[in-house]
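Written below as structure tokens is the structure these notes are about.
The values are calculated or read from the model by the stated rules, or taken from the named source; none is laboratory data. Keep in mind the model is a prediction, meaning the values are calculated, not measured. Note that each Cβ is placed from the backbone with ideal geometry, even for glycine, and that neighbours are counted across all protein chains shown. Calculation scope for accessible area: heavy atoms of the full protein, side chains included, ligands and nucleic acids excluded. Shrake-Rupley method; radii C 1.70, N 1.55, O 1.52, S 1.80 Å.
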Amino acid sequence: MELMNGLDEMDKQKVIEWIVSCQLPSGGFGGNIGHDAHLLYTMSAVQVLCMYDAMDRINKENLVTFISSLQKEDGSFAGDEWGEIDTRFSYIAISCLSLLGRLDTINTDKAAEFVLSCKNFDGAFGCVPGAESHAGQTFCCVGALTILGKVDLLDKDLLGWWLCERQVPSGGLNGRPEKLPDVCYSWWVVSSLACIDRLIWIDREKLINFILESQDPEGGGIADRPDDLPDVFHTFFGVAGLSLMGMEGLSPVDPAYAVSINTLNKLGIKPVQYRK
Amino acid sequence: GINAEYGNLLKRKLHMGGDWIPISKRPEFADVEPLPQDDGPNPVCPIAYSARFSEVMDYLRRFLQTNEKSERALTITREVLEVNAANYTAWYFRRLILYALNKDLKEELNMVGEMAAENPKNYQLWYHRKALIERTKDPTGELDFTAEQLKEDSKNYHVWAHRQWIVETFKLFERENEFVDKLLHEDVRNNSAWNHRFFVFQRTQEFTVENRSNEIEYAFSFVKKAPNNPSPWNYIRGMVNDEWEKFPQVKDKCLGFISTLPSCPHPASILVDIYEKLGENEKATQLCSKLGDNLDNIRRKYWQYRSDLITQKSKTHQ
């Protein structure tokens, strides 16, 4: 909604109150009231509260403790106290702590080291070391390294090639070789390319066309591909992808943090610079 | 409105199986007072749960509150997972109960296997399976189980990650290349299988020129079946690791493919890397043009970049 300049159409106070009530004593957020804390929902809470400039409404100290306590010895992050490890969680931890200005609470060198250990022979990243390169996981790793200021450690040409190879003749992007294109990769792939400043390697017109063809003309939402049913998830990623590519009428989004440049400016965080 | 109607239809379809007995009507739960959800005074977008969903959740909440680790609590976790397999709280509580009651974890693995049929891409389910095996320290049957899952969806990311974890943790590398080979013969386009082969190679073989040459030959054997499939070509690149001069056979093969597969971008793409490395800049930039204009037009900006870079480098060397 923020990217489409429509944030005022939602009840800000109600949303904030509900999010606040999802924070647990441990500091993390659950998916709903009474649900256990997990990084996935913590990320959403932090992003929304940043957009609304309402971070002071929650217990920030506990939140920081919750996130930083999830780092393991090898630098990786678990999703919650139960220990599932995944580069998604590295991204979330790094992104949230950066938005909170508290990256000092984790071992950033080790965090980067673990992320880099998930890099494969093709230059892209999986969920744990050795796992197949996947565009979603790649976004998490590239985003994490970008936020840590270490994106120059990557072979950007090699990674950029793997990323732009995701574009199929229809113009859409897939997540792995020989899989179907899906609108959500308009975010995962395009943001990764933006972070390494190789967004121009995508055929922009063809991708924009693919996203617009995936919009449901009746309801207005965006689906995973043309003629499928829309959902909120693909609507966000379609809109965010279009914003990244500089589509008119949309507020610019940052490729590393997945929040608007406006929000980053308010927080005093420098957005990623890239050629559109 | 229409959305509410559709929502109700879906709820009825999912949760009103005729055989299901409400918890409140089961004698073993008679003395339990369910704990309703507290959405707070100002619920934002309150979800219209089905009666069944609400009921099983109300019982779970009560057992979580009292921390009851019993058979009936275990039953409730299963009931909750039936209506929402992504409820991570239910999964973790279930584990705690299983361990407290010293339940047969092999039976539990069977149950998880059944649930996997309906929820093959559920993160919590696969993590639960991994957690159980971490505890039993017994991988028996897991390779076969993942192989069965891959028959349904040969590229299921969770299944491959699980299989890799089993193989690495319990050092079960011996059958993997055979397994990958079988899958590639079924579908040469299976990128996950290629990744798995690389994974096994890294952990079992030295990165010598001889070993890598064998792998490169293996990859080339699949190119004819589906020349436009990028996987074997990426695999070759990975094995060469930019040391093109050590693998002259790659250049020869690619030159051959340029004529036999004239519209395939991959041999040309590899030759650009080779020519660049060997300093044959004009040949490299010529192929970049061919790729950008023709063979791989959608990535013309990339090929322009490569061409410019090569030209730039050749100028500084003069």
(request) Only one of these is aliphatic (A, V, I, L, M) and under 17 Å from the mean Cα position of the chain (by Cα): B:Leu183, B:Leu132. Name it. (result) B:Leu183
(message) Of everything in the range A:246-276, what is within 20 Å of A:Ile200 (Cα to Cα), touching a strand residue (DSSP E or B) at 6+ places or on another chain (Cβ under 8 Å) and either at pLDDT below 90 or assigned to a loop (DSSP other than H, G, I, E, B) (or both)? Give them in sequence order.
(response) A:Ser251, A:Pro252, A:Asp254
(request) Select from the range B:83-94 the residues that are open to solvent by 20 Å² or more (accessible area, probe 1.4 Å) and in contact (Cβ under 8 Å) with a residue 24 or more places away in the chain and write down the one among them that is farthest from A:His35 (Cα to Cα). (result) B:Val83
(message) Checking B:Phe145 against (1) open to solvent by 30 Å² or more (accessible area, probe 1.4 Å); (2) part of a helix (DSSP H, G or I); (3) closer than 19 Å to A:Ile85 by Cβ: exactly one of these is not met. Which one?
(response) (3)
(request) Search the range A:198-254 for residues being open to solvent by 50 Å² or more (accessible area, probe 1.4 Å) and in contact with an Asp or Glu (Cβ under 9 Å, 6 or more places away or on another chain), and hand back the single one that is nearest to the other protein chains (Cβ to nearest Cβ). (result) A:Leu229
(message) Quick check on B:Phe222: is it of a type in the set (Phe, Trp, Tyr), closer than 30 Å to B:Gln164 by Cα and within 14 Å of chain A (Cβ to nearest Cβ)?
(response) yes
(request) Kindly indicate the residue of the range B:103-137 that is touching a residue at least 12 places away in the same chain (Cβ under 8 Å) and not in a helix (DSSP H, G or I) and also farthest from B:Gln164 (Cα to Cα) among those meeting that condition. (result) B:Lys103
(message) Restricting to the range A:119-137, count the residues that are in a loop (DSSP other than H, G, I, E, B) and touching a residue at least 40 places away in the same chain (Cβ under 8 Å).
(response) 6
(request) Among residues belonging to the range B:148-159 that are in a helix (DSSP H, G or I) and within 12 Å of chain A (Cβ to nearest Cβ), point out the one that is least open to solvent (accessible area, probe 1.4 Å). (result) B:Val159
(request) Filter the range B:236-250 down to residues that are crowded, with 18+ Cβ neighbours inside 10 Å and more than 13 Å from every other protein chain (Cβ to nearest Cβ), then give me how many there are. (result) 3
(request) Kindly indicate which of B:Glu71, B:Glu28, B:Glu5 is at pLDDT 95 or above, farther than 24 Å from A:Glu81 by Cα and open to solvent by 30 Å² or more (accessible area, probe 1.4 Å). (result) B:Glu71
(request) Tell me which residues, restricted to the range B:65-96, are outside any loop (DSSP other than H, G, I, E, B) and of a type in the set (Ser, Thr, Tyr). (result) B:Thr66, B:Thr75, B:Thr77, B:Tyr88, B:Thr89, B:Tyr92
(request) Quick one: in the range A:222-276, of everything that is touching a Pro at 6+ places or on another chain (Cβ under 7 Å) and of a type in the set (Val, Ile, Thr), which residue is farthest from A:Leu3 (Cα to Cα)? (result) A:Val272
(request) Name every residue in the range A:15-49 that is of a type in the set (Asp, Glu) and without any contact (Cβ under 8 Å) to a residue 40 or more places away in the chain, in order of residue number. (result) A:Glu17
(request) Mind listing whichever residues of the range A:95-118 are closer than 22 Å to A:Ser133 by Cβ and either part of a loop (DSSP other than H, G, I, E, B) or modelled with pLDDT under 95 (or both)? (result) A:Cys118
(request) Might you let me know whether the range A:165-172 holds any residue that is touching a residue at least 40 places away in the same chain (Cβ under 8 Å) and either under 22 Å from A:Ile85 (Cα atoms) or under 18 Å from the mean Cα position of the chain (by Cα) (or both)? (result) no
(message) B:Trp233 - would you say it is within 12 Å of chain A (Cβ to nearest Cβ), touching a His at 6+ places or on another chain (Cβ under 7 Å) and open to solvent by less than 40 Å² (accessible area, probe 1.4 Å)?
(response) yes
(request) Tell me, please, whether a residue that is of a type outside the set (Val, Ile, Thr), part of a helix (DSSP H, G or I), over 22 Å from B:Pro232 (Cβ atoms) and open to solvent by 40 Å² or more (accessible area, probe 1.4 Å) can be found in the range A:162-182. (result) no
(message) Condition first: open to solvent by less than 20 Å² (accessible area, probe 1.4 Å) and closer than 30 Å to B:Ala116 by Cβ. Can you find one or more residues in the range B:170-180 that meet it?
(response) yes
(request) Please find, within the range B:270-318, the residue that is surrounded by the fewest Cβ atoms within 10 Å (Cβ to Cβ) out of those that are closer than 15 Å to B:Asp242 by Cα and within 13 Å of chain A (Cβ to nearest Cβ). (result) B:Asp273
(message) When the residues of the range A:48-74 are narrowed to those that are in contact with a Gly (Cβ under 6 Å, 6 or more places away or on another chain) and not polar (S, T, N, Q), which ends up least open to solvent (accessible area, probe 1.4 Å)?
(response) A:Leu63
(message) Yes or no: the range B:184-207 includes at least one residue that is touching a Lys or Arg at 6+ places or on another chain (Cβ under 8 Å), aliphatic (A, V, I, L, M) and part of a helix (DSSP H, G or I).
(response) no
(message) Looking at A:Ala45, A:Ala124, A:Ala135, can you tell me which residue is at pLDDT below 95 and open to solvent by less than 30 Å² (accessible area, probe 1.4 Å)?
(response) A:Ala45
(message) I want to confirm something. Restricting to the range A:87-127 and keeping residues that are within 17 Å of the chain's Cα centre (by Cα) and aromatic (Phe, Trp, Tyr), which single residue is farthest from the other protein chains (Cβ to nearest Cβ)?
(response) A:Tyr91
(message) With the structure loaded, tell me whether B:Arg212 is farther than 22 Å from B:Ser314 by Cα, within 13 Å of chain A (Cβ to nearest Cβ), open to solvent by 30 Å² or more (accessible area, probe 1.4 Å) and assigned to a helix (DSSP H, G or I) or whether it fails that test.
(response) no
(message) Every residue in the range B:160-180 that is part of a helix (DSSP H, G or I) and away from chain A (no Cβ under 11 Å), please.
(response) B:Ile166, B:Thr169, B:Glu176, B:Asn177, B:Glu178, B:Phe179, B:Val180
